[in-house]
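Let me begin by presenting the structure, written as structure tokens, before commenting on it.
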Amino acid sequence: MDESEFHALAGATLEALMDRIDEVAGGVLEAELIDEVLTITLEDDSQYVLNRHTTNRELWLSSPKSGAGHYVYDKVAKAWTDRRRGCDLYALLENELSAAAGCSLRFA
């Protein structure tokens, strides 16, 4: 994946996540996208931070629940997958944010 393709895909992913969080859990979770960094703040003020790492063509996640993750895009699966754990970014965020918000968040 070249740099421009990565930027387009990563940007669309961050915006879609923010929009979905605002739509479903906007009263409980605060999602803010500033300078290509998506910050999701929970009611207890803990935060998820998701940003681009262009050099490695990855999205990097910092989660107060599961820790750090480095996600690469799998074109065949059409999913962002963590290099170490093999888990899907959307599935991880769905599980953790649904529990935090007390509602069902689906990103797929």
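Taking the listed residues Leu50, Leu33, the one that is under 27 Å from Glu3 (Cβ atoms), modelled with pLDDT of 95 or more and either in contact with an Asp or Glu (Cβ under 9 Å, 6 or more places away or on another chain) or of a type in the set (S, T, N, Q) (or both) is Leu33, with no other qualifying. Assess whether His53 counts as being under 19 Å from Ile40 (Cβ atoms), over 12 Å from the mean Cα position of the chain (by Cα) and not aliphatic (A, V, I, L, M). Taking the combined requirement at face value, the residue satisfies it.
Please go through the range 73-86 and pick out each residue that is over 14 Å from Ala108 (Cβ atoms), out of contact with any Phe, Trp or Tyr (no Cβ under 7 Å at 6 or more places or on another chain) and not charged (D, E, K, R). Matches in the range 73-86: Val76, Gly86. Before we move on, is Lys75 over 23 Å from Ser98 (Cα atoms), in contact (Cβ under 8 Å) with a residue 12 or more places away in the chain and open to solvent by 50 Å² or more (accessible area, probe 1.4 Å)? Yes: the conditions hold for Lys75. Of all residues in the range 85-108, those that are out of contact with any helix residue (DSSP H, G or I) (no Cβ under 9 Å at 6 or more places or on another chain) and either open to solvent by less than 30 Å² (accessible area, probe 1.4 Å) or of a type in the set (Val, Ile, Thr) (or both) total 3. Scan the range 1-20 and give yes if some residue there is out of contact with any Cys (no Cβ under 6 Å at 6 or more places or on another chain), in contact (Cβ under 8 Å) with a residue 12 or more places away in the chain and assigned to a loop (DSSP other than H, G, I, E, B), otherwise no. Looking for residues that are out of contact with any Cys (no Cβ under 6 Å at 6 or more places or on another chain), in contact (Cβ under 8 Å) with a residue 12 or more places away in the chain and assigned to a loop (DSSP other than H, G, I, E, B), one finds at least one in the range 1-20, hence yes. For the range 12-26, indicate whether the set of residues that are more than 20 Å from Ala91 (Cβ to Cβ) and over 14 Å from the mean Cα position of the chain (by Cα) is non-empty. Looking through the range 12-26, at least one residue is more than 20 Å from Ala91 (Cβ to Cβ) and over 14 Å from the mean Cα position of the chain (by Cα). Annotation: of all residues in the range 53-72 being without any contact (Cβ under 8 Å) to a residue 40 or more places away in the chain and β-branched (Val, Ile, Thr), the one that is nearest to Thr39 (Cα to Cα) is Val72.
Just to be sure, is Thr55 surrounded by 12 or more Cβ atoms within 10 Å (Cβ to Cβ) and not hydrophobic (A, V, I, L, M, F, W, C)? Spelling it out, it is not the case that Thr55 is surrounded by 12 or more Cβ atoms within 10 Å (Cβ to Cβ) and not hydrophobic (A, V, I, L, M, F, W, C).
Tell me, which residue of the range 1-19 that is of a type in the set (Gly, Ala, Ser) and open to solvent by 50 Å² or more (accessible area, probe 1.4 Å) is farthest from Ser104 (Cα to Cα)? Of everything passing the filter in the range 1-19, Ser4 is farthest from Ser104 (Cα to Cα).
Looking at Asp22, Asp45, Asp35, Asp82, which is the one that is open to solvent by 40 Å² or more (accessible area, probe 1.4 Å), closer than 18 Å to Leu9 by Cα and not aromatic (Phe, Trp, Tyr)? Exactly one residue qualifies, and that residue is Asp35.
The values are calculated or read from the model by the stated rules, or taken from the named source; none is laboratory data. In this text the structure is predicted, and so the values were computed from the model without any measurement. Don't worry about glycine lacking a Cβ; one is built from the backbone with ideal geometry, like all the others, and counts go over all protein chains shown. Ligands, DNA and RNA are excluded from the accessible area calculation, which covers all protein heavy atoms including side chains. Shrake-Rupley method; radii C 1.70, N 1.55, O 1.52, S 1.80 Å.
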